[in-house]
Structure formats: C-alpha cells, structure tokens
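As structure tokens, the structure follows; a few thoughts come after it.
The values are calculated or read from the model by the stated rules, or taken from the named source; none is laboratory data. Please read all numbers here as calculations on a predicted model, not as lab measurements. Glycine gets a Cβ as well: all are built from the backbone with ideal geometry, and neighbour counts include every protein chain shown.
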Amino acid sequence: MIERFLPASARVRFYALRNAIEDAATALRSRRPARGPAEGLAARPSELQRLQRSKRTAPRRRPRPMPAPDAGAVYPVTFEHAEMTIDVRADQTVLEAGLAAGVPLSFSCTVGGCAACKRKVRSGELEMEYPNCLTEQEHAEGYRLLCISRPRGPVVVA
C-alpha cells in the first residue's frame, strides 16, 4: 500500500527491506526458546564447561573441633608475597593477625566458604577448621584458608 506513494528508486529499497524483515521474523518464530537453564547452556557448551570447572563443593568431612591452643603461645608467620614476618597468637587466625599488622591479604567471607584467602603453606603447620570449601586435592597440595587457620608453630605462607 505505502509503495504507491514512493518514487520508483525507493520502491526497490522498500521491497528489499520488507523482505529482510519478513525473513528475520520467520527465523525468530521458527526458534523455540530454551526451557530452563540446562537447555539454554546445552546450546553453549563452552559456558557449561566453564561453570562446571568453577564449581566448588565442600568435601564430605565430619566437623571436628579445633584442639585447644597453647595458652599464651605466639608463633612467627612469614608472608613471602609481602616479605613480612608477624607474630600470631595460637588462639588467633592468621588472617586476623595479618590484617591487624597491615599485611595485604585478600578475603571475603571470613568463615571458610569462599576460598578468597586461600594460600599455600611452604613450611610449618596451620590447623584449619572443618568443614570448609577446599577440595581434598587442594588440602593435600598444602593450601589453607587463612580466615579459619591458626598456627601450631613457625609457618611460612606463600
């Protein structure tokens, strides 16, 4: 209808545009929407694989109480990344003491649920509360969560 009022040169562009819009509308109508996140992610396998790799699950360990710390014991903890050594009381977490001493440490939840404070212990022993978000493999490789770890002697942390 509207084409009657257009000059001849514009009619060609009008028909081309109208056909393109109709083709796009037909293509959109022929695709049905995904039913739920699983079907939507199945269309994008790389995104699904990324999410599966990043998923953290707590290991199946029974909670156990922390042993009573030595009354008044203080242990040196060395942070290699900051080239600092601080004294940490046995009843204090390494994260608490480190932040109080001005050591640059990343953290988020402070209860062992996010792994933002995960660091590798080079030497010494950190007693860590359970359950937490570290996998068995990370624990075996020497990683500890500073927010729920207390020293049991001199410690060097990467």
**OP:** Could you list all residues from region 116-158 that are closer than 18 Å to Pro104 by Cα, touching a strand residue (DSSP E or B) at 6+ places or on another chain (Cβ under 7 Å) and of a type in the set (Gly, Ala, Ser)?
**Re:** Ser149, Ala158
Original post:
Within region 115-129, which residues are in contact with a helix residue (DSSP H, G or I) (Cβ under 7 Å, 6 or more places away or on another chain), in a loop (DSSP other than H, G, I, E, B) and over 12 Å from Val157 (Cβ atoms)?
Top reply: Glu129
Original post:
In region 141-148, is there at least one residue being aromatic (Phe, Trp, Tyr) and at pLDDT below 95?
Top reply: no
